[in-house]
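Let me begin by presenting the structure, written as structure tokens, before commenting on it.
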Amino acid sequence: MKGLNIQAKEKSPKVIFDPEKKIFEMEGNSRPENVRDFYYPIIDTLRKYFEKVSDKEDHVAFNENPFKFTFKLDYFNSASAKFISDILVIIKDFTDEKLEIKVNWYFEDGDDDMKEVGEDFSEMISLPFNFIMIQRN
């Protein structure tokens, strides 16, 4: 399956989805002009990938090297939050099917708001996150 490599722009984050390496990364600011146009292809690609994996692959082999989702967001608006939540629901749906998926939520030292929103997402979706603090320079 083809991955995604979306370069960061002023109002949209960098997004990397590499099915072979089993990584998904989102980094930067998310406040795109048309949030649906930005997020729908990402959500559609993830859903198709995990449906394929869930239907065809051996879960034991898949789980030997868990899929890693990394969120390193500096800021996102409320419209983006809805779509980030949709991505997390996809992850949760497939962890419920016994696929091993890790979620890493990064936040800067002192950015309690970003940490708290990650904790809220984790609790709301009932999906454990690894919270990783980044030291400020």
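Side notes on the structure shown:
- Members of segment 1-40 that are touching a strand residue (DSSP E or B) at 6+ places or on another chain (Cβ under 9 Å), touching a residue at least 24 places away in the same chain (Cβ under 8 Å), part of a loop (DSSP other than H, G, I, E, B) and under 18 Å from ALA81 (Cα atoms): SER12, PRO13, ARG31
- Subset of segment 43-86 (residues that are under 30 Å from ASP109 (Cα atoms) and in contact with an Asp or Glu (Cβ under 9 Å, 6 or more places away or on another chain)): ILE43, ASN65, PRO66, PHE67, LYS68, PHE69, THR70, PHE71, LYS72, LEU73, ASP74
- The set of residues in segment 19-29 that are farther than 19 Å from GLU51 by Cα and under 13 Å from the mean Cα position of the chain (by Cα) comprises GLU25, MET26, GLU27, GLY28.
- Among the residues making up segment 108-136, those that are buried (at least 16 other Cβ atoms within 10 Å of the Cβ), in contact with a helix residue (DSSP H, G or I) (Cβ under 9 Å, 6 or more places away or on another chain) and over 18 Å from LYS22 (Cα atoms) are VAL117, PHE121, SER122, ILE125, LEU127.
- Those residues of segment 30-39 which are within 23 Å of ILE134 (Cβ to Cβ) and buried (at least 18 other Cβ atoms within 10 Å of the Cβ), in sequence order: SER30
- Restricting segment 122-137 to residues that are in a loop (DSSP other than H, G, I, E, B) and not hydrophobic (A, V, I, L, M, F, W, C) leaves a set whose member that is nearest to ASP96 (Cα to Cα) is SER126.
- For segment 62-107, taking the residues that are touching a strand residue (DSSP E or B) at 6+ places or on another chain (Cβ under 6 Å) and not in a strand (DSSP E or B), the one that is surrounded by the fewest Cβ atoms within 10 Å (Cβ to Cβ) is identified as PRO66.
Every number in this text was worked out from the coordinates using simple rules, so none of it is lab data. None of these values were measured; they are calculated from a predicted model. Note that we place each Cβ from the backbone using ideal geometry, even for glycine, and neighbour counts take in every protein chain shown.
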